[in-house]
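Inspection log for the structure reproduced underneath, given as structure tokens.
Each reported figure results from applying straightforward, stated rules to the coordinates on display, with no laboratory input. Because the structure is predicted, anything quoted here is derived from the model rather than measured. Glycine gets a Cβ as well: all are built from the backbone with ideal geometry, and neighbour counts include every protein chain shown.
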Amino acid sequence: MVNIGNLWQYLAAQAPLSSVLSGDQFNATTNNMASSITTYTLPQLPYAYDALEPYISAQIMELHHSKHHQAYVTNLNKALESHIASVVGNDIPGQIALQQAIKFNGGGHINHSLFWQNLAPASSADAKPEAAKELAAAIEKTWGSFDDFKKAFSTALLGIQGSGWGWLVKDGISGLRIVTTKDQDPVVGGEVPVFGVDMWEHAYYLQYLNGKAAYVDNIWNVINWKTAEDRFLGTCDDAFALLKASL
Amino acid sequence: MSSTLLRTTPALRGALRASGAVKPAAGLATSFVRGKATLPDLSYDYGALEPYISSKIMELHHSKHHQTYVTGLNSALESIAKAEEAKDFAKAATFAPLLNFHGGGHLNHTLFWENLAPASREGGGEPDGALKSAISSDFGSFDSFRKQMNTSLAGIQGSGWAWLVKDKTSGTLGIVTRANQDPVSGNFEPLLGIDAWEHAYYLQYENRKAEYFDAIWNVVNWKTVAQRFGKA
């Protein structure tokens, strides 16, 4: 069974199955995979398209979710279907050729699914940093103050050259780090993605045009600190268990 | 390279030409007199590429985005010069990514503006002469080239550019893509560039980027492309 948690692990491993399995074991696995491959679907948003106004417009949210995220889901399913065919056909070059498409579209699906969950309407209790007591304490310990963290995170976001994402991640037991990833590369090195911010131009351009610094300033109003706290206190698998419930 | 890339005050131009370098005055020990990159003017109005590229896109793209690359390039060059002056070469090297990004952005956009033209003037149609023959021989036909270019553009994952290039060794034409603002360099001479960053089309085409890639052929300036081909 391929589910989103396994997709995450798959992307981390990036190894063609046939390179680690052989003979009967390999055939049994591929037959099993071919018969049980999951088709991914677009998760529903936990709020309305206009719920993040005025910080993110309804038009942006609708296009971003129903068009962009949908395209990643569609192309991920296509790539995985071809990949299964390559595995069954013992076509290793074919499997390798598909890895970039799986990484890009699978990463796009993972990143956006995490992103929707770590946003919340500004008026909700979840959008108040008080909803993340333990995370806030760890942030202050790491960066000195909450404001210093926000500055560091914003600087990292604005330093991205081209399309990409900024993430606050938990590394190990409680170590916090800011990482940026290019294009749709997901965070799959074992870190827990606490929250992410999409810095592709499609995430802000219709509203902010070239003024991405204003988008970065405003995104702080709609971070879901409740989700961030839950992810911070949990493991990688927990982050995706939360996701699976919405899929 | 295009003379519009590094424009200086008139007084400096003579010195630049004489030395053939950006850093003209070897005799000035501590304070470099250097050429600053400036935003080149467009040879057409912001609305001139309508309806294929909207006036609003052109204005933001040129006056804001391209300007930011120019400013960033000058700032990177300044930082490198300061580090060089302090003989801190390790520090100078740390500015390489900024130089590549902003320098590439300046170069790419300058080439891009010049290889576009209003559909009512030189824009659109098909190339003729030696360029037409080369495209036919290297891609099968002009239509086939256009399809291959659009496939390359659609395949860019994230921000980037697609280019028709000439291989300086073999003389053949090819299509390459570049991530972000990485410029075409080395053995390839860029002939025609198409910007696939979302800021190049999103206000008009939103997520329907294939429509933008179809439309832009109406404003490609084949005269410019042919001139680049002739010189390469």
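Show the residues, 5+ positions off or on another chain, whose built amide H is closer than 5 Å to the amide H of A:G164.
Under 5 Å from the amide H of A:G164 lie the amide H atoms of A:D183, A:M199, A:W200, each far enough along the sequence or on another chain.
Roughly how many nanometres apart are two label points built 7 Å out from the Cα toward the Cβ at A:N90 and B:V176?
For the pair A:N90/B:V176, the computed spacing is 3.9 nm.
Give the order of B:I57, A:I173 when sorted by the count of other beta carbons within 10 angstrom, beginning with the fewest. Walk me through the numbers on the way to the answer.
Working: B:I57 22, A:I173 5.
Starting with the residue having the fewest Cβ neighbours, the order is A:I173, B:I57.
Work out how much length B:S137 to B:N218 would gain on full extension: take 0.36 nm times their residue separation and subtract the Cα-Cα distance, in nm to one decimal.
On the way: separation 81, 0.36 × 81 = 29.16 nm, distance 2.27 nm.
In short, 26.9 nm is gained.
When the dipole is taken about the Cα centre of the range A:125-245, and only Lys, Arg (+1) and Asp, Glu (-1) are charged at their Cβ, what size is it in debye, to the nearest 20? Don't skip to the answer; put the middle values down first.
Values: 12 positive and 17 negative charges, 24 e Å.
It works out to roughly 120 debye.
Please check which bits of the range B:218-232 a label hung off B:E126 would reach, taking the label as a point 7 Å along Cα-to-C-beta and the cut-off as backbone N under 17 Å.
Correct set: B:218-223, B:226.
What number comes out for the charge environment of A:N221, summing +1 per Lys or Arg and -1 per Asp or Glu over other residues with Cβ under 13 Å away?
Working: positive: A:K128, A:K150; negative: A:E53, A:D126, A:D217.
Local net charge: -1.
Let me check I've understood the local charge: for A:M199, count other residues with C-beta under 14 angstrom from its C-beta, Lys and Arg +1, Asp and Glu -1. What total comes out?
Working: positive: A:K182, A:K212; negative: A:D183, A:D185, A:D198, A:E201, A:D217, B:E198.
Charge balance near A:M199 sits at -4.
Suppose R0 equals 30 Å. What FRET efficiency, 1/(1 + (r/R0)^6) with r the Cβ-Cβ distance, do B:T151 and A:A58 give to the nearest 0.05? Intermediate values should be presented prior to the final figure.
Values: r = 33 Å, r/R0 = 1.11.
Result of the calculation: an efficiency of 0.35.
Could you work out the per residue convex hull volume over the alpha carbons of chain B, in cubic angstrom?
On the way: hull volume 32.0 nm³, N = 232.
About 138 Å³ per residue, rounded to a whole number.
Evaluate the relative contact order of the range A:125-245 (contact order divided by residue number), counting alpha-carbon pairs under 8 angstrom at least 6 apart; express in whole percent. Present the calculation step by step, with values, prior to reporting the outcome.
Numbers: 161 pairs, mean separation 36.6, N = 121.
Answer for the range A:125-245 is 30 percent.
Listing A:E62, B:E122 from the residue with the fewest other Cβ atoms within 10 Å to the one with the most, what is the order?
Details: A:E62 14, B:E122 17.
In increasing order of surrounding Cβ atoms, one gets A:E62, B:E122.
Rank these for me by crowding, A:W143, B:W161, going from fewest to most other beta carbons within 10 Å.
A:W143, B:W161
Can you give me the C-alpha center-to-center distance between the range B:126-170 and the range A:154-176, rounded to a whole angstrom?
37
Between B:Q227 and A:L233, what is the label-point separation in nm under the 7 Å Cα-to-beta-carbon projection?
Rounded to a tenth, the inter-label distance reads 6.7 nm.
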